[in-house]
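Taking it in order: structure first as structure tokens, then the write-up.
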Amino acid sequence: MFKILAKKIHTGAHVLLWIGGINLGMLGIFKTNVIANVLADWPWLINPTYALIGISTVYIIANHKNSCNLCIDKKTNKTVKNSLSQK
């Protein structure tokens, strides 16, 4: 049960991270805030959406070593300190 919930939280955090990244890319390149445009009819949802994106970013950063395929040794299932230098 906990693994299913953890997977859903992890997936949701990744989706919010992607949305935030796309929004920042669009803002930097085209000066268009996609989140504000999509939520224009519900302005009270804009700041909570940004807060969720920020929280999900912190979650992904904090849990990166536990879920990244590049950082986990497949044989021992333990994190590797410097996986890129070992290749």
By per-residue mean of other Cβ atoms within 10 Å, what is the highest-first order of 30-41, 14-25? 14-25, 30-41
How many nm is it between the label spots at K65 and H10, if each spot is 7 Å from the Cα in line with the beta carbon? 1.6 nm
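Bear in mind that the values in this text are calculations on the coordinates, not laboratory data. Since the model is a prediction, treat every value here as computed from it, not as a measurement. Backbone-built Cβ (ideal geometry, glycine too); neighbour counts: all protein chains shown.
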